[in-house]
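The values are calculated or read from the model by the stated rules, or taken from the named source; none is laboratory data. Since we're looking at a predicted model, the values are computed, not measured. A quick note on method: Cβ atoms are made from the backbone with ideal geometry, for glycine too, and the neighbour counts reach across all protein chains shown.
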Amino acid sequence: MLSTSPQVSIPDVSITDYVLRHAARLGDKPALIDGPTGRTLSYGQLAEGVRRAAAGLTRLGFRRGDVFAIYSPNLPEYAVIFLAVASLGGVNTTVNPLYTADELAKQLQDSRARFLVTVPPFLDKAQEAARKSGVEAVYVFGTAEGARPFAELLQGGGDPPKVALDPAKDLVVLPYSSGTTGLPKGVMLTHRNLVANLCQCEGMQNFEAFDERDVVIAVLPFFHIYGMVVIMMLGLAGGGTIVSMPRFDLGEFLGLVQKHKVTILPLVPPIVLGLVKHPMVAQFDLSSVRLVFSGAAPLGEEMARELSRKLGCPVVQGYGMTEASPVTHLSPTRNAPMKPGSVGCIVPNTEVKIADVVTGADVPAGPGQRPPEYLLAAAKTEGCSPICWCETEDRRDEA
């Protein structure tokens, strides 16, 4: 099955250049807001912070192909270090902030990370893991005894070198995906992988991608491919404002939506359930919300319809996987029938087939056709739609 959306062109640029393409024009517009404190980075400050951090990394001897680990909850500085590392041809490895020191050490060893940044509450685990893995230095957002402040990287002046990247071959991020078997595995994603997926989302027919009018709540973690690409990268590339939350608290979440007049809620089904069922929701003004997007697990039709009625806006979902950078399917938000409970339509430049998991044979398409019962059962068990194979024309894994 081929996408019915028009093909999109993928520019041959780095993810940093693509995400910051509007930064100079937007200038003082808020790019990232730290929800709990209100601390704000404008687009101009974001671009300048990326430049300064890249210069600081260069002074450390950080070079193309080196790996930098981010072990932190959502903060505005997450985007700064991610894009700075990317601009130098470095590789970000993003780590679950709930990891133990041993779990962190395994990822640091496997990814061969040279440096790590964390937050003060996680410093003890970060330092223990660094000792076990050979990390050269530990940085911290803010200040903490025994760690170098991240602000140190932003000082010293000078410009970072202009690195000649090959977007199709240079890796930019190593997120770790457990998949369905064994230990977590690093997924090797290039600049082109991420840029292509942003272009696919932006070019999706009948899907209103994030744009400059939007304020997006970022409660889903940036270390995960959903939070990283669909929220942080897509939101900034579209010129929107991202309100970040380091952890989920329903009352705080609702208060931030009301305070900042949030327009897009990227969520997961358990949060959708809370918005449908919890009486606290009625105490807040959520009238600014124009779209709820759910992913990472199936959202039932009735739950989607109930929240849509409650908020008066579309509640849609999509499908993806870390290995696909990640989005392969999106539901329409306008000018087309929406089917609550469905993962939606195929994004541009993508071919999909449904296969028999035992024989590998194609499952026939068309009215009345459906995959075998055991395929549906397996899909339900794994928490995903019954899609067994997908290949995206512009995002084939070079590894």
### Query
For the range 45-57, how many residues meet the condition of being surrounded by fewer than 17 Cβ atoms within 10 Å (Cβ to Cβ) and either outside any helix (DSSP H, G or I) or under 19 Å from the mean Cα position of the chain (by Cα) (or both)?
0
### Summary
Restricting attention to the range 208-232, the residues that are in contact with a Cys (Cβ under 8 Å, 6 or more places away or on another chain) and either in a loop (DSSP other than H, G, I, E, B) or surrounded by fewer than 24 Cβ atoms within 10 Å (Cβ to Cβ) (or both) number exactly 1
### Query
If you scan the range 150-201, which residues turn out to be of a type in the set (Lys, Arg) and modelled with pLDDT of 95 or more?
Lys169, Arg192
### Query
If you take the residues in the range 2-42 that are under 19 Å from the mean Cα position of the chain (by Cα) and assigned to a helix (DSSP H, G or I), which one is farthest from Tyr139 (Cα to Cα)?
Tyr18
### Message
Residue under question is Arg21, and the condition is that it be surrounded by fewer than 19 Cβ atoms within 10 Å (Cβ to Cβ) and within 24 Å of Thr333 (Cβ to Cβ); does it hold?
### Response
yes
### Summary
When Arg395 is run through (1) on the phi < 0 side of the Ramachandran plot; (2) of a type outside the set (Asp, Glu); (3) at pLDDT 50 or above; (4) surrounded by 16 or more Cβ atoms within 10 Å (Cβ to Cβ), the failure sits at (3)
### Query
Which one of these is touching a Phe, Trp or Tyr at 6+ places or on another chain (Cβ under 8 Å), at negative phi and outside any loop (DSSP other than H, G, I, E, B): Phe62, Phe68?
Phe68
### Every residue from the range 120-136 that is surrounded by fewer than 20 Cβ atoms within 10 Å (Cβ to Cβ), modelled with pLDDT of 95 or more and not in a helix (DSSP H, G or I)
Glu136
### Query
Among Ser14, Ser5, Ser42, Ser72, which is buried (at least 17 other Cβ atoms within 10 Å of the Cβ) and without any contact (Cβ under 8 Å) to a residue 40 or more places away in the chain?
Ser42
#### Entry: Matching option when the condition is buried (at least 24 other Cβ atoms within 10 Å of the Cβ) and in a strand (DSSP E or B), among Leu83, Leu104, Leu116
Leu116
### Summary
Scanning the range 268-293 residue by residue, the ones that are aliphatic (A, V, I, L, M), loosely packed, with under 14 Cβ neighbours inside 10 Å and either under 25 Å from Val343 (Cα atoms) or without any contact (Cβ under 8 Å) to a residue 24 or more places away in the chain (or both) total 1
### Summary
Flagged in the range 156-191 as assigned to a loop (DSSP other than H, G, I, E, B), hydroxyl-bearing (Ser, Thr, Tyr), touching a strand residue (DSSP E or B) at 6+ places or on another chain (Cβ under 8 Å) and in contact (Cβ under 8 Å) with a residue 12 or more places away in the chain, in numbering order, are none
### Query
Met228 passes all but one of (1) under 19 Å from Gly35 (Cβ atoms); (2) at pLDDT below 95; which number fails?
(2)
## Note on the structure
Among residues of the range 236-255 being assigned to a helix (DSSP H, G or I) and hydrophobic (A, V, I, L, M, F, W, C), the residue surrounded by the most Cβ atoms within 10 Å (Cβ to Cβ) is Leu236
### Out of Gln258, Gln205, sole residue that is polar (S, T, N, Q), surrounded by fewer than 18 Cβ atoms within 10 Å (Cβ to Cβ) and without any contact (Cβ under 8 Å) to a residue 40 or more places away in the chain
Gln258
### Query
Filtering the range 299-346 down to residues that are assigned to a loop (DSSP other than H, G, I, E, B) and touching a helix residue (DSSP H, G or I) at 6+ places or on another chain (Cβ under 7 Å), which residue is surrounded by the most Cβ atoms within 10 Å (Cβ to Cβ)?
Ser325
